[in-house]
Structures are given as structure tokens and as C-alpha cells.
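Okay, so here's the structure we're looking at.
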Amino acid sequence: MVHIGASFLMFFNNIVMFIFFILLVVPQVASHGCPQQKCGTFDSIPYPFRLDNGSNCGELLSDAFHLSCFNETSLFIKIGSYRYQVLHFFLDGGGVLVDFPNDTVCYSSSCRTYYDLKSFRFQANDYFGIAKDNLVGLYGCGDSSLCRSDCGGCHDANSTTTFTSNGCCYLLSEDRGGVWRVGDGFDVFEEFGCKGFSSWVGSGLGSNNGEIKRGVKLEWAIPSELIKGTCALNAQSVNASSVISGMRCKCVDGFIGDGFAKGSGCLKYCLKGGVEVYGKACYPKGHGRGKLMLAAGILALSLSIATLIGLFCLLKRQTKLRTADLDQTRTQSSVSFHKGRRTRLFTHTELEQATNGFSNDQKLVNIGDESTIYAGVLTDGLQVAVHKVRCTTETDLIQVLSQVKILSEVTHTNMARILGCSIDSGYTPLVVYENPGNGTLEQHLRQAGTEGKMGIDWQKRLTITVQLSSVLAYLQTEIFPPVFHHGLESGCVLLDHDMSVKLVGFELLDHGSDRCGSNGPFSNKNDVYGLGVVLLEILAGGKSVELATVALRKIRNGKLEEVVDPMLYYHEQPAYRKEQIGIVADVATRCLLFGGGDGRFGGGDGRLGMNDVARELVHVTKESIDHVGSRRGPAGLEETFSNSSLLQMISLSPDSIYVP
């Protein structure tokens, strides 16, 4: 015991020293960026564009954004086989303004110049397209049906051409009559006999009307398959409007910048005294340094408390077991705790980037009002499930970290492995599970039959019920202190590609917990009832607000077939499978009606415990295996019941099982 305690203390002391180094030393190291690139009137070149100046500084996202500086005065970009002079970068709209050819003027007046349509042979590609907000002036069109004459701007009253004094124009954003579509060039107007064109970006076609920029605006974007991992913290990917299958990064509300991790990123901005301020000015003075110190102090305190709690509980358990058989004591000890696995301290930034800013698209499940689980992918490609817990006090944070420590010590094939956590976001710790990457049970049940997706067959559903009930029984009866889930629902059941259960989403914050009592570090809520609801969802093929009420009524009235998922084709199933479905429905019903006590062992008052549920579902599966002549049980059962008193369930005769 002394050796275990010393190991714990050494482990946590090392972590504390590491955290202090990361939080207090690393931020002091200065970072050196690339020198600013310039050309002519351009004092800087925005990301993802990069100037070819022989420097290896920075990383070019694609050769499509390669620029060249001619005579140190003019900036050019090559798109396809043509070079275009760059006039302006639109930092807020993903655009670049390019000039017209210099030697192809086909008509010029006092306020307008038109260029030969054939001279601008731009062809859209995966990175560039003609922006929809260009205002195109057309000259010499034989068919004026596509034109409008209310573009505004300067008037050319002396014009003797078909171009009227108010102008003949085409607004690409209006797509009148479907003449021009995203991806087209200007050559589509040749079909209407048009000879010349000009283009502006702004509120009108003249030089006197509002903020006008003359030239052709090209929208740039990144192919959707390459956008992953390019967006900065506090940014999200958005679709481009003029580049087919193109996307860009955009800062979320409250932040400003280009949105790219290797660009300017996203800077916090706010209003103070009616004036816009940015970055650190939006936070109280001393916020950053003080927050780091507070986080480091909280971590050190929480780890120390967790260590003392763990040692106290182990000592208490050892005293309690002194009267037990020595061999049984050794067996229980071997399955209750495993040697601590190495866990990692993540940063809030990398987890926010992994979950795309904790977007709703990445959300797996909400657990009560205090926590949410998101799917994510780390920069090394590892898929994770990030459990975001909302604490309000330092005490809450310490409790969460203590319970994460207990969970990280448990190993079970049907429990997702805890990889580590992050605490550098105030009172919102993040717990990171390994994610098998095949979605949740809820998603599989909900999506069955849609978009050509096959449903889960009965045998797999039955295996899931056994694995889920077995891991819960194991955690509640074979681990000390016992572990309760308290937030059990189908969204907390991750599935691997073999459809095996990986349980996540344990309630980590509970104000009424008895940390070392018989109820364990998690309060005495009932997981049996939650399992009953999940069993009904497995039977019915999904969840609904009134599922429990409606299903119970129909089952009681002998209308089980009205509850069962149509994807299971209940009426076509053989008799033994109908019997299995009936038994699972009966177990689910009793979980809802009689689940009680501490949810572990049941009792003489008719209450149903988790051991009872696991035993009955194991026997349903065992009988199914016997029926088809197989010698192997479902995946994970051997580990679940190895060295455990639950192993006796498999050998019990059917007569000893109580099924009302």
C-alpha cells in the first residue's frame, strides 16, 4: 500500500511540474514569424497568397496562390495559361481584383472603356471563379433582352451605339434568365452578339456613384477535400459562392481575421466606450497571466486531493477485505484496479480545433444541462470524443478531475479509454475519450433505412444489450469504489466497426456524492432505469419523447409487434427470435418499473438490480448461441466476466432465472 501511495504521489508530482512548465515557461518563449512580403503599393500579401521571392519562409497552400512581382511595382497571378495583374485583395470576402488586358480596347468614351470579350479568356478552376458580385457592362449587344438600363453611374449622352446613355448592364448576382452561371466566363455573352465588356465591384457602373472598384473580382476558395485542418481557432469552414465545391475559413461572431491557422487567424474584438478594440484589450487586465496561475494552482490542489482520496479509499477497502479469503481478495484486487495508463494533457486550443469549434455538427449527445460530448479528430488523425463539462466553482472542477482519475484507472473492453483532459479554459474541463469512429447507437438507430443505410439486425442489437448491461454491472459490482454512469442514453454508446459497445459520457459532476462511501464517487442515481429506456430504443429503432409511456402501454396490452422496429420484420422472425425480443421487452419493462435501490443488486422488495439485468440478457444470448450451435459468446463477454462473481451467470440453469 505504501508503494502504491508513493507511486501515485510521484505520478501526480511529475504532472504538476509539467503543467507549471507548460503554463508558465513555454508562453515566455518568443515566436518568430515570416518577414512581411511587399510589392509596389502592396505593403503585405494576405494568406493564402505568397510571393515568389526565393524565400522558403512559410508554406504555400497551393501553387494556385503563387504570385510574382514585376519590377518591384506590379503584382501578377497566373491562372491557367494567363497572367493577370492584381489590383486589390478583398480581405473580408475571399476575393482578388484583377485588371483588364491593356491592348484590347474596343470602345472608349468619356466615362467608360470596354474591352473585347475574347480578350478575357478566364476559365474557372477548383480555386478561382468569377465572383457573383461583379457588375458587368456590355457593349454592342445585338440582343438586348439580357440587359437592364438602371445601373446608374455616369451617362454617355453622345453614344451612337446600342449602348444607351444609362448603360446596358448585367448583374451576375441576379442570374437573369440563367444566361450566366457560377463557373462560367464572360464568353457566354457572345451568344447575344455582345462585343465588349467592362466590370466593376460596387453600387453602380460609373466612377461617380459610391464606393466603386474597377476590374474583375475573382473569388478564391479551397477545394472542400483540402479544407480540413486549415481553419484557425474560433473559425469555421464556409462554402464559397462562386467556386464550385470550394470552401474558405471564416471567423465566428466576436472575432476578426482571415480565419486560417497559418494566416492571421481570428482575433477577439469588442466595443469599449463606443470604440472597437482588439485582442488583449477585450479582457480584464492581468486576465491571461492570472488565469494561467489559477489553473496551475487548481490543478495542483485537485491532484493532491484526488491522491489522498484514492489512498484513503484503498486503505478502507483493504481493511474491509481482511476477513475475506486471501485468494478472493487477490482476485478482486486484480480486476478492480489496473496499473495507471499514461494520460495526456491536452490544450483547449487543439481540442477546439479538433471539434471545429465545438460546432453543433460535431455534437454526439447532451448529458443533462451541464455537459456535452463532441466528436473530433486530432491533428495526428486520431478520432476522439470530447466531453465538455460546465463547472461553476473550483470545488466542481476538483470533483471532475478526481472522478476522471478513477475512470482512467478502469480497463474494460466495452468502456472507451480515457486519453487525457484539458483544464485551461476556466471552469470548463474537457475530458478526452478514444472514439472508435463508427457513430453512436442513437445515430445508427435513427439513420437506419435512410439514404440507403441498413438497419442493425437483431443479433447485433442483442449483443449490444448484453455488452452494455455487462459493463455497467462490472463497474457497479467489481470496482471499488463502484462507478455509476448517471447519464445513460443511446447517445453515450459509441460503436466500433464490429458494432461493439464503447461506453462514454459518465456524469462527472454531482454535488451530492459520497466520495468514499459504499455508493462510490458518483451519487446514488439509478442506471437501471436508464438502461431500460435504451433497451426500448433498441427494440423500437429510435428514441422519442413519449417512448417509455407508449411502449409500456402497448407491451402490457400484448401489442409488442407495434413497438418493435419495422426494420426487424418481427412477423418474419423465427419463433426463438420472437421469444428473445419478448424477453428483452420484459426486461426493459421491469427496468422502468422496478429499477431501484442503488441499482446494483436489487433486493427482496422486488427491486431490480444491474446484476439481475445482465444475468438475464446473458442467458438470452447464451440460449441463442446454443440454438445455432455456436461455441463462442458475444465479443467482450469473456473479459467482462473474467475473474468475477458474474461468471457464475453463464453456468446457471434456465430454471434458476426469475422471469415474471
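The values are calculated or read from the model by the stated rules, or taken from the named source; none is laboratory data. As the structure is a computational prediction, the values presented were derived from the model and not from experiment. Positions of Cβ are backbone-derived with ideal geometry, glycine not excepted, and every protein chain shown enters the neighbour counts.
Six or more apart or on different chains, Cβ under 6 Å: which pairs go from a residue in the stretch 190-203 that's on the phi > 0 side of the Ramachandran plot to one that's in a loop (DSSP other than H, G, I, E, B)? Could you list them?
So the pair list comes out as GLY193/CYS141; GLY193/GLY142; GLY193/ASP143; GLY202/GLY210; GLY202/GLU211; GLY202/ILE212.
Out of the stretch 543-570, which residues are under 19 Å from GLN443 (Cα atoms) and acidic (Asp, Glu)?
Hits for the stretch 543-570 are GLU546, ASP565.
Listed here are the residues, each with its yes/no results for (1) aromatic (Phe, Trp, Tyr); (2) closer than 17 Å to GLY487 by Cβ; (3) surrounded by 19 or more Cβ atoms within 10 Å (Cβ to Cβ).
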position	(1), (2), (3)
ASN366	no, yes, no
GLU370	no, yes, no
ILE373	no, yes, yes
GLN383	no, no, no
VAL386	no, yes, yes
THR392	no, no, no
THR395	no, no, no
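If you scan the stretch 342-374, which residues turn out to be assigned to a strand (DSSP E or B) and of a type in the set (Val, Ile, Thr)?
Quick first cut of the stretch 342-374, residues assigned to a strand (DSSP E or B) only: 344-345, 363-367, 371-374.
Within the stretch 342-374, VAL365, ILE367, THR372, ILE373 meet the criteria.
Please work out if GLY437 is at positive phi and at pLDDT below 90. Before you say what the answer is, go through the steps one by one.
Numbers: at positive phi: yes; at pLDDT below 90: no.
Taking the combined requirement at face value, the residue does not satisfy it.
Would you check if there is a residue in the stretch 595-605 being modelled with pLDDT of 85 or more and not in a helix (DSSP H, G or I)? If you could, list the steps in order and put the result at the bottom.
Going residue by residue through the stretch 595-605, those that are modelled with pLDDT of 85 or more are none.
So far as the stretch 595-605 goes, no, none of its residues is modelled with pLDDT of 85 or more and not in a helix (DSSP H, G or I).
Against the conditions (1) at pLDDT 90 or above; (2) in contact with a Leu (Cβ under 7 Å, 6 or more places away or on another chain); (3) outside any strand (DSSP E or B), where does LEU462 fall short? Just the number, please.
(2)
In the stretch 397-450, which residue that is within 20 Å of the chain's Cα centre (by Cα) and acidic (Asp, Glu) is surrounded by the fewest Cβ atoms within 10 Å (Cβ to Cβ)?
Out of the qualifying residues, it is GLU434.
Only one residue in GLY368, GLY340 is over 24 Å from the mean Cα position of the chain (by Cα) and modelled with pLDDT under 80, so which one is that? Full working, then the answer.
Details: GLY368 fails: over 24 Å from the mean Cα position of the chain (by Cα).
Testing whether each residue is over 24 Å from the mean Cα position of the chain (by Cα) and modelled with pLDDT under 80 leaves just GLY340.
Which residue out of SER159, SER199 is among the polar types (S, T, N, Q), at pLDDT 55 or above and outside any helix (DSSP H, G or I)?
Answer to the check: SER199.
Please verify whether GLY629 is modelled with pLDDT under 90 and assigned by TED's automatic domain parsing to the domain that holds VAL534, treating the condition exactly as stated. Write out each step before concluding.
Values: modelled with pLDDT under 90: yes; assigned by TED's automatic domain parsing to the domain that holds VAL534: yes.
Yes, satisfied.
Only one of these conditions is not met by PHE192: (1) modelled with pLDDT of 85 or more; (2) touching a Leu at 6+ places or on another chain (Cβ under 9 Å). Which number is it?
(1)
Within the stretch 544-580, take every residue that is touching a residue at least 60 places away in the same chain (Cβ under 8 Å) and assigned to a loop (DSSP other than H, G, I, E, B) and give me the one that is surrounded by the most Cβ atoms within 10 Å (Cβ to Cβ).
ASP565
If I ask for residues that are at pLDDT 85 or above, in a loop (DSSP other than H, G, I, E, B) and surrounded by fewer than 10 Cβ atoms within 10 Å (Cβ to Cβ), which ones from the stretch 29-71 would you list?
Hits for the stretch 29-71 are ASP43, ASN71.
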